[in-house]
Amino acid sequence: MRLKLKQKMMLLPAVVAVFLVAILVAFIALGARSGGVYARISSSQVPTIELNREVMHRFPGLHRNVLAAVAAKAGGLEPLRAEVDELQSKLDLAMAVPDANRQRVDELKSSLATYWRNSRAAVTFAVEGDEQAASALASVESLAAALSHELERAVEADGQAIATSYAEVAGLHRATTWTVCVLVLLCIALTVGLAYWLHREVTLPLAKLTHVATRIAEKGDLTQAIDVSAHDEVGELARGFQVMVTRLRNVPTTIQTVVTDLTNAAKTLTQASQEQVNFLTNQSRSLTEASTTIAEIAQTSSMAASRAEMVLRVAGQADTFSASGQESIEKSAEGLQQIRQRVGALVGSIAHLSDQAVHAGEIIGSVKDLADQSNVLALNAAIEAARAGEQGRGFAVVAREMRSLSGQSLQSTQRIGKILLEINQAIRQTVGIAEGDSEKMEEGIEQVLASANTLKEITTVVQESSQAARQIVASVTQQNAGIAQMTEVMTTLSSMMADVVTATMTAEQAVTQINASLGQLQELSTGFRV
């Protein structure tokens, strides 16, 4: 029969309680028997022996009084009768004692009555002087001796009964003592046996489990064997503890695997984060350089705009001069005399126009250089936009617009340069004609008429030059707007790049914290031995 832990723990006090009850029952039973014996002694045997002893002690006095009455031949028997009645009453009391020997008391009463009857007859015979007095007295003597002997035997029998009762009480006391001693010894033996059994069934398994739990708690040793042979609550606890230890054995291995995987992932993430930070730092540096370059482009574009305005003013002056030349040609038909007067002014104006054309050529060269630089910067900006990826798409659009504008500016500049070259050639021809011999006026007039057509062409060229100059100004203005937009885009990109760098550095800090946590997990997992 397999007992539970509660039943095992209740077994020892139950056995002790049973033995205590048995000891108590033995005490009560044997005490009751001893009490019955004591009650018999005190209520029956002691009163009987006392009454018998009193009768035995008083009977010799009665017999002496009877002998004295016989010897004195006195007839007064009333005192003797009273004494006999008192002895009779004592025997009646002995008859009334519980458990009295009524037969023996009846015999004593009969013997006492016979003695008293013979005594009275002996006294009567003595008083009357009858010869039977001697035989009656001898009969009284024998009756007195027999009654005394009976009383002695009764007292002796009562004493023997009392001794027997006391011996019975002593036997009961010895039986009580031996019974209690045997029960106590059996209780002690069973208590020791049950204590050893409980120690083996409960204390030792609990001590083993405690030792295992202590080693796991202090040293993390999960390799210990657990005794699960018990079939009570301790066994269930041991089996549950074994399941827990089995699962705990899987925990460090799983933690180590997870820590290894997480460590590798964290290393990869750290490396990728560092590479990303380096890449973003380079990108930020490139954006800074691009911003600086764009600022320089904006400054150059402003200079180009101012110079384009100068070209526009020069082109306006050229238009004015062309209009003036055309009016002069028209008025030359009214009077060639005025041509001569105005040749000097025309020569001066032509010289001034030549100077302005030279300046315009320089401006065109500057604009061409600016267009070349804008083209190069637009190319660099397109390259940086391609490197920036998705975030540089808007910047790439601006770079393409800049390249288109710089291409248009370059074409317009080349065209204006070509026109200015033709203007310079025409101016040189005009100066050569104006400086001709005045004697050849007619020839000069014819040449002037021929130059009129040329001046018409010059006017057309100058108008085209003005129009080209206006286009240059519009292109430069548009280029300035594009550069401003590019500057705003670069500022936005720089801000976004700074946010990305900050986020990447935050991610790197998080990876560092993850590495620290992984180190703690590694330390925790290595604290167990499986």
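The values are calculated or read from the model by the stated rules, or taken from the named source; none is laboratory data. Just so we're clear, the structure is a prediction, and the values are computed from it rather than from any experiment. Heads up, the Cβs are rebuilt from the backbone with ideal geometry, glycines too, and the neighbour counts pull from every protein chain shown. Heads up: the accessible areas ignore ligands, DNA and RNA and are worked out on the full protein's heavy atoms, side chains in. Shrake-Rupley method; radii C 1.70, N 1.55, O 1.52, S 1.80 Å.
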Quiz item: Between Ala498 and Glu390, what length comes free when the chain is fully extended (0.36 nm per residue of separation minus the Cα-Cα distance, one decimal in nm)?
Solution: 37.3 nm
Practice problem: Search the structure for amide H atoms under 5 Å from the amide H of Asp221, placed 1.01 Å from N in the peptide plane, and list their residues when 5 or more places away or on another chain. | Solution: Ile216, Arg529
Quiz item: To the nearest 0.05, how large is the calculated FRET efficiency for Ala213 and Val192 if R₀ is 30 Å and r is the Cβ-Cβ distance?
Solution: 0.55
Quiz item: Given 0.36 nm per residue, what is the gain on full extension from Asn278 to Ala32 after removing their alpha carbon distance, in nm?
Solution: 77.8 nm
Quiz item: What are the extents of the Cα atoms of the stretch 1-139 along their three principal axes, listed from largest to smallest and rounded to whole Å?
Solution: 104, 22, 18
Quiz item: What per residue convex hull volume, in Å³, comes out for the stretch 72-120 when only alpha-carbon positions are used?
Solution: 55 Å³
Quiz item: About the Cα centre of the stretch 1-66, what is the dipole size in debye to 20, counting +1 per Lys and Arg Cβ and -1 per Asp and Glu Cβ, all else neutral?
Solution: 520 debye
Quiz item: What order, most packed first, do the peptides 123-134, 185-196 have when packing is the mean number of other Cβ atoms within 10 Å of each residue?
Solution: 123-134, 185-196
Quiz item: Pairs Lys8/Lys208; Lys6/Lys219; Lys219/Lys267: which exceed 29 Å Cα-Cα?
Solution: Lys6/Lys219; Lys219/Lys267
Exercise. Can you send over the carbon and sulfur percentage of the accessible area for the stretch 16-107, probe radius 1.4 Å, protein chains only?
Key: 62 percent
Exercise. Write down the Kirkwood hydrodynamic radius of the stretch 39-80, to one decimal in angstroms, obtained as one divided by the mean of 1/r over all alpha carbon pairs.
Key: 12.1 Å
Quiz prompt | Cα-based Rg of the stretch 1-45 normalised by 2.2 N^0.38 Å, two decimals | solution = 2.01
Self-check item: Förster radius 35 Å - calculated FRET efficiency between Ala175 and Arg117, Cβ distance, rounded to 0.05
Solution: 0.10
Self-check item: Difference of contour (0.36 nm per residue) and Cα-Cα distance, Arg285 to Leu379
Solution: 32.0 nm
